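For reference, the structure is listed below as structure tokens.
The values are calculated or read from the model by the stated rules, or taken from the named source; none is laboratory data. On a predicted model such as this, the values are computed, not experimentally measured, just so you know. Virtual Cβ from ideal backbone geometry, glycine too; neighbours counted across all protein chains shown.
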Amino acid sequence: MMARSTLKHSAARVAALFILFIQQLAASSAFVLNQRCAYSSAACQLSLESSDNIVIQQINQDNKDDLEEFSTFCIDIFHNNKGESDSVVSRKWKDIKLAMLQKAQMIDLSVPFNGNRSVFVARSCIDSDNDRLTEIIGCCEVIEERIAISQKQKSPRVRPIIENLAVNEEYRRQGVGKALLEACEQNVQTWIPFHDDIFAQVEDGNLKAKEFFMDNNFKVVYSDDDCKKDDLEGLAFSQTTITKFMLRKVLDS
């Protein structure tokens, strides 16, 4: 199950992508994106929830190793769809673009943000004492954005929205996504200013993600047919226009 994957498209991000693009070309060697980054001993050890051998941790956004592990997993699971017909050249070119997206996301996460934002990862316990944990098996973010509660609303206000919710295919339907979602909801209720609702956005074709959120008491409030999505299949970076559903959940006070 995967929910919305969003990278901010600011002028700084575009410039960073261009610089990274030149750097990758100059390296003259293929960048092979690690599908599963090794668990760093320097990673944040704050466990927010532990049940059914699943531990949810909040990422330290000042720790480069933490951000790199998160962004590598996130970009890989959303964008690294390996095609059997990929040629050596096209695979190399896609690896370069994946590396650039990963670096761009790290920049987005490390730049000071005027608002609340939290990043979470899920790991599986290898032993009963929770002393040994696996690499990342799931991730998500929750961040404040200006969101309208309906298409007719002309003055959207700042509200929390869940982004980049994804779970490794091997661990789906085992409560990982629900644990990440609950961590976001609990965290939001500690923010200032107070929020009484939380949002999520999924592509219209991602029926599993839509069903997941609705099973967890989210309701569709409207659809937006002018959303953008990164497309890595062409020769250069491009974006396609897609439709997404905006979902809302009222939080328990």
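Of everything in the stretch 132-150 that is out of contact with any helix residue (DSSP H, G or I) (no Cβ under 7 Å at 6 or more places or on another chain) and closer than 17 Å to L109 by Cβ, the residue that is surrounded by the most Cβ atoms within 10 Å (Cβ to Cβ) is E141. Checked against the criterion of being in a helix (DSSP H, G or I), out of contact with any Lys or Arg (no Cβ under 6 Å at 6 or more places or on another chain) and basic (K, R), the stretch 103-110 has at least one qualifying residue.
So for the stretch 175-188 (the condition being in contact with a helix residue (DSSP H, G or I) (Cβ under 8 Å, 6 or more places away or on another chain), surrounded by fewer than 22 Cβ atoms within 10 Å (Cβ to Cβ) and farther than 19 Å from I77 by Cβ), does at least one residue qualify? No, every residue in the stretch 175-188 fails to be in contact with a helix residue (DSSP H, G or I) (Cβ under 8 Å, 6 or more places away or on another chain), surrounded by fewer than 22 Cβ atoms within 10 Å (Cβ to Cβ) and farther than 19 Å from I77 by Cβ. Could you check, for the stretch 245-253, whether at least one of its residues is within 23 Å of R117 (Cα to Cα), surrounded by fewer than 17 Cβ atoms within 10 Å (Cβ to Cβ) and modelled with pLDDT of 90 or more? For the stretch 245-253, residues within 23 Å of R117 (Cα to Cα), surrounded by fewer than 17 Cβ atoms within 10 Å (Cβ to Cβ) and modelled with pLDDT of 90 or more: present.
Scanning the stretch 209-222 for residues that are more than 12 Å from R248 (Cα to Cα) and surrounded by 13 or more Cβ atoms within 10 Å (Cβ to Cβ) yields A209, F212. Considering only residues in the stretch 189-208 that are among the acidic types (D, E) and surrounded by 13 or more Cβ atoms within 10 Å (Cβ to Cβ), the one that is nearest to the chain's Cα centre (by Cα) turns out to be E203.
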